[in-house]
Amino acid sequence: MSLMISVSGIRGIVGKSLTPADLVTFAQAFATWLSSRSNSETPAGLDPNNPKIVIGRDTRPTGNAIRTLVSSAMALCGCRVIDLGIATTPTVEIATAAEKADGGIIITASHNPVEWNALKLLDSKGEFLDESAVRQLLDISRKQQFALADWEHVGLLEHNHGYDREHIRRILALPFVDTKKIAAQHFRILIDAVEGAGSLIVPELCKQLGVEEIETIFCNGTGLFPRNPEPVAEHLTPTIEALKEKQCDLAVVVDPDVDRLALICEDGSLFGEEYSLVACADFYLRHKQGPVANNLSSSRALRDIAEKHGQTCYSAKVGEANVVALMKEKGAVIGGEGNGGIILPELHYGRDALAGIALMLQAFTDWREKNPENKTLSGFRKQFPDYFMAKQKVRLARKPENLQDMLSTIASAYSEASVNMQDGMKLDFSEEWVHVRPSNTEPVLRIYTEAKSIERAETLAETFRREIESRIGTL
């Protein structure tokens, strides 16, 4: 299996598709790309010939060795490296902008299993590189023409472990956050950080938000994931059992790098990753009006919420950088991806489960104040439109060369659908949709469907999986 390279980073299985040579090559390519930008592209006050880089990592066992290797490679390119240690992806994004750095690196493979790791690359604004920048980076890595420093100009490595506190401070300073109101609800909350970077910061945030009782599961920061780290229903049985045993009002679940948020209701039902963004947007649009944005694989429920508030919902290609670009273009006040990734520009342009926790707790608090007869999270969930989503994968040994042609052929058979070929194939029917696209993070084709019933969504997903598998064999 080859490396996965996209706006979501450079990721692979450590020691197999992601080797020490790969890590050094891309670290040096990134340093060279930063150094080679023209002065007109370099923010005021930054030296394009001596880049300043912020670096952080999740808790994976391979993270420290990769951090040492990557930091050293960048120092040998003359970079000044600010090491945050273990830090969430959104914390590194905030730190990169706050430090007025030229760029940032997060060492994390997010929801991928423990044997994976990755370099997520940020620009000077603390935002993911766009597709154009990724192409430039790949060109530098292929040519192997790196901007190396001579012995007198080797960069320095510094440490700064204060950005967890700063991240929390900025969230508490958001104008809609009312910790006294949250505290008055006397919440009892279970937190599951899957032994990742959220193991300390998520409980601390909840405490400072006013949560009265905090229970934890998988919050020791070992990096040895006790289950598949993707926070979806089939992986959360131990968390649901702990929630019921400890009689909590809800469970907060994050992925290893804390850019995705999932909630579990008091009865063990899932609030739904798709509905994290939906509920946050519904609450936030009462405080600040404007468009919203998601990606093409996200639920129609966000569109319904936007229309309820008299606003427009826009959809981008999958990938945080693509959603951020669309949000800026359309002036969206809140957005994200349907996997529980919430982007609040008022804080920063990046998926941030910590910001999502604050939004959700405040939204739930306000609802409970107005509905004292039913204070359950499952009751809160019922106020949102009901759609059901199914997901399938088609595993690929390699990406078929004529994939887009195949998808176009499939799309041509559905004249009743609105067709969008911007990111794979999206077929939008009157009451359901299908989205097929190559993953940015795994060697798979993803098939997402949504319908008015789970049975219909699953039938759609299975139908398209079978058709695609039959066609791939002929490409």
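Of all residues in the range 65-101, those that are in a loop (DSSP other than H, G, I, E, B) and either acidic (Asp, Glu) or out of contact with any Ser or Thr (no Cβ under 8 Å at 6 or more places or on another chain) (or both) total 5.
A count restricted to the range 143-158 and to residues that are over 17 Å from Asp102 (Cβ atoms), in contact (Cβ under 8 Å) with a residue 60 or more places away in the chain and part of a helix (DSSP H, G or I) stands at 0.
Any residue in the range 277-290 that is hydrophobic (A, V, I, L, M, F, W, C), over 18 Å from the mean Cα position of the chain (by Cα) and crowded, with 19+ Cβ neighbours inside 10 Å? Talk me through it step by step, then tell me what you get.
Start the filter on the range 277-290 by keeping residues that are hydrophobic (A, V, I, L, M, F, W, C), which leaves 277-281, 283, 285.
Adding the requirement that they be over 18 Å from the mean Cα position of the chain (by Cα) leaves 283, 285.
If we keep only those that are crowded, with 19+ Cβ neighbours inside 10 Å too, we end up with 283, 285.
Among the residues of the range 277-290, at least one is hydrophobic (A, V, I, L, M, F, W, C), over 18 Å from the mean Cα position of the chain (by Cα) and crowded, with 19+ Cβ neighbours inside 10 Å, which makes the answer yes.
Residues of the range 322-363 that are surrounded by fewer than 21 Cβ atoms within 10 Å (Cβ to Cβ) and either in a helix (DSSP H, G or I) or of a type in the set (Lys, Arg) (or both): Ala325, Leu326, Lys328, Glu329, Lys330, Ala363. List the pairs whose first member sits in the range 306-317 and is closer than 12 Å to Gly335 by Cβ, whose second member is loosely packed, with under 13 Cβ neighbours inside 10 Å and at pLDDT 95 or above, and whose Cβ atoms are under 7 Å apart, counting only residues at least 6 apart or on separate chains? Listed by first residue and then by second, the contacts come to Gln311/Gln289. If the condition is being farther than 19 Å from Ala251 by Cβ and surrounded by fewer than 16 Cβ atoms within 10 Å (Cβ to Cβ), then the range 375-390 contributes Gln383, Pro385, Asp386. Within this structure, Leu261 passes the test of being within 15 Å of the chain's Cα centre (by Cα) and under 24 Å from Lys375 (Cα atoms). Based on what the data block shows, is Glu467 of a type in the set (D, E, K, R) and without any contact (Cβ under 8 Å) to a residue 60 or more places away in the chain? So Glu467 passes the test. When we screen Thr441, Thr449, Thr409 for residues that are out of contact with any Gly (no Cβ under 7 Å at 6 or more places or on another chain), on the phi < 0 side of the Ramachandran plot and surrounded by fewer than 17 Cβ atoms within 10 Å (Cβ to Cβ), the only hit is Thr409.
Which one of Ile182, Ile140 is assigned by TED's automatic domain parsing to the domain that holds Ala321 and either touching a strand residue (DSSP E or B) at 6+ places or on another chain (Cβ under 6 Å) or part of a helix (DSSP H, G or I) (or both)?
Numbers: Ile140 fails: assigned by TED's automatic domain parsing to the domain that holds Ala321.
So the residue among Ile182, Ile140 that is assigned by TED's automatic domain parsing to the domain that holds Ala321 and either touching a strand residue (DSSP E or B) at 6+ places or on another chain (Cβ under 6 Å) or part of a helix (DSSP H, G or I) (or both) is Ile182.
Return the residues of the range 432-465 that are over 19 Å from Asp405 (Cβ atoms), touching a helix residue (DSSP H, G or I) at 6+ places or on another chain (Cβ under 9 Å) and among the charged types (D, E, K, R); say none if nothing qualifies. Within the range 432-465, Glu432, Glu450 qualify. Scanning the range 233-258 for residues that are within 19 Å of Gly350 (Cβ to Cβ) and either among the acidic types (Asp, Glu) or over 21 Å from the mean Cα position of the chain (by Cα) (or both) returns Asp255, Asp257.
If a residue must be touching a strand residue (DSSP E or B) at 6+ places or on another chain (Cβ under 6 Å) and under 28 Å from Asp178 (Cβ atoms), how many such residues does the range 300-309 contain? Please lay out each step first, then the result.
Taking the range 300-309 first, the residues touching a strand residue (DSSP E or B) at 6+ places or on another chain (Cβ under 6 Å) are 302-303, 306.
Next cut, under 28 Å from Asp178 (Cβ atoms) only: 302, 306.
Total satisfying the criteria: 2.
For the range 145-165, the set of residues classified as surrounded by fewer than 14 Cβ atoms within 10 Å (Cβ to Cβ) and under 16 Å from Ile94 (Cβ atoms) consists of His161, Gly162, Arg165, listed by residue number.
I'd like the full set of residues that are of a type in the set (S, T, N, Q) and touching a Leu at 6+ places or on another chain (Cβ under 9 Å), limited to the range 296-315.
Residues of the range 296-315 of a type in the set (S, T, N, Q): 297-299, 311-312, 315.
Listed by number, the residues that qualify are Ser298, Ser299, Gln311, Ser315.
Checking every residue in the range 217-236 against the condition of being in a strand (DSSP E or B), buried (at least 18 other Cβ atoms within 10 Å of the Cβ), in the same structural domain as Asn339 (by TED's automatic domain parsing) and touching a Leu at 6+ places or on another chain (Cβ under 7 Å) gives at least one match. Taken over the range 418-438, the criterion of being more than 21 Å from Glu455 (Cβ to Cβ) and surrounded by 18 or more Cβ atoms within 10 Å (Cβ to Cβ) is satisfied by Asp423, Gly424, Met425, Lys426, Arg437, Pro438. Scanning the range 379-417 for residues that are closer than 22 Å to Ala451 by Cβ and not in a loop (DSSP other than H, G, I, E, B) yields Arg381, Phe388, Met389, Ala390, Lys391, Gln392, Lys393, Val394, Leu407, Ile410, Ala411.
Consider the range 271-299 and keep the residues that are in contact with a strand residue (DSSP E or B) (Cβ under 8 Å, 6 or more places away or on another chain) and aliphatic (A, V, I, L, M). The one that is nearest to Trp433 (Cα to Cα) is Leu296. Of all residues in the range 114-134, those being part of a strand (DSSP E or B) and more than 16 Å from Thr88 (Cα to Cα) number 1.
Within the range 418-430, the set of residues being part of a strand (DSSP E or B), without any contact (Cβ under 8 Å) to a residue 24 or more places away in the chain and not hydrophobic (A, V, I, L, M, F, W, C) comprises Ser418, Asp428.
Among the candidates Glu213, Glu230, Glu204, Glu195, the residue that is closer than 14 Å to His111 by Cβ and modelled with pLDDT of 95 or more is uniquely Glu195.
Consider Ile106 carefully, then state whether it is in contact with a helix residue (DSSP H, G or I) (Cβ under 6 Å, 6 or more places away or on another chain) and either modelled with pLDDT of 95 or more or assigned to a strand (DSSP E or B) (or both).
Details: in contact with a helix residue (DSSP H, G or I) (Cβ under 6 Å, 6 or more places away or on another chain): yes; either modelled with pLDDT of 95 or more or assigned to a strand (DSSP E or B) (or both): yes.
Against the criterion (in contact with a helix residue (DSSP H, G or I) (Cβ under 6 Å, 6 or more places away or on another chain) and either modelled with pLDDT of 95 or more or assigned to a strand (DSSP E or B) (or both)), Ile106 qualifies.
The values are calculated or read from the model by the stated rules, or taken from the named source; none is laboratory data. A quick note: this is a predicted structure, and the numbers were derived from the prediction, not measured. So basically every Cβ, Gly included, is an ideal-geometry build from the backbone, and we count neighbours across all protein chains shown.
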